[in-house]
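Working notes for the structure below.
Quick note: the coordinates plus some simple rules give every number you see, no bench work behind them. Computed from a predicted model, the values in this text were never measured in an experiment. Reconstructed Cβ throughout: ideal geometry from the backbone, glycine too, with neighbour counts over all protein chains shown.
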Amino acid sequence: MNWISLFGLDAYKERIAACMTEGGQGVRDRFQLATLELIQEKKRLQTLLVLAAAVLAVGTIAMLLLSLAVLVHFWDTPQRTVVTWVIAGVWFFAWAVVVYALLAALRQKRPFLALTRAELHRDWHEVQDWKNRRSTP
């Protein structure tokens with residue numbers, strides 16, 4: 001005969017084992033959630049990087065060729081200087097729009113591991129509620 005059985009602690013032992021199993025599963029679930037969020041964030045950043053490089057390359061080539069075409073068109077006219085300044089102004093305006101868009105995109109980023117942190121926050125409150133229920137008679 002086992003001393004745990006002798007004192008009638010079998011039910012207590014089973015509850016502890018069940019709590020340990022459930023706690024282990026909870027930790028695994030939170031770890032999986034954090035892993036999924038990290039993978040999603042990595043994919044998002046990779047996509048942003050590829051798109052930014054493509055926009056930069058294609059946009060630069062297109063704007064340079066357009067600028068060159070306008071300059072060639074007005075080269076033999078007295079408006080050559082004005083056209084050059086207009087092209088420079090358009091380039092500056094385009095740069096300002098891109099900077100504004102970049103800042104707007106940076107502001108829209110959601111908090112790092114938001115879902116995991118929210119889940120852990122709920123877990124913490126559940127533990128605190130459980131402790132408060134146990135401590136009050």
### Query
Taking the Cα atoms only, what angle lies between the long axis of helix 114-135 and the longest principal axis of the chain, rounded to 10 degrees?
20
### Task
For residue 109, go through the aspartates and glutamates and keep the ones whose alpha-carbon is under 20 Å away, minus same-chain ones fewer than eight residues off.
37, 41, 119
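Counting helices only, and only those DSSP H runs with n ≥ 4, report the 222 nm mean residue ellipticity of the chain as the sum of -39,500 (n - 2.57) divided by its residues, in deg cm²/dmol to the nearest 500. Could you put the intermediate results ahead of the total?
Details: 4 runs with 118 residues, N = 137.
The helix-only estimate for the chain comes to -31000 deg cm²/dmol at 222 nm.
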## Note on the structure
Computed over the chain, the convex hull of the Cα set has an average projected area, in nm², of 13.6
### Message
Quick check: net charge around residue 105, other residues with Cβ under 15 Å of its Cβ, Lys/Arg +1 and Asp/Glu -1?
### Response
+3
### Task
Might you report the magnitude of the Cβ-based charge dipole of the chain about its Cα centre, with Lys and Arg at +1 and Asp and Glu at -1, to the nearest 20 debye?
180
### Query
For the charge dipole of segment 21-137, defined by +1 on Lys and Arg C-beta atoms and -1 on Asp and Glu C-beta atoms about the Cα centroid, which residue among 59, 124, 48 has the Cα displaced farthest towards the positive pole?
124
### Query
residue 13: which aspartates and glutamates have alpha carbons under 18 Å from its alpha carbon, excluding same-chain residues fewer than 8 sequence positions away?
22
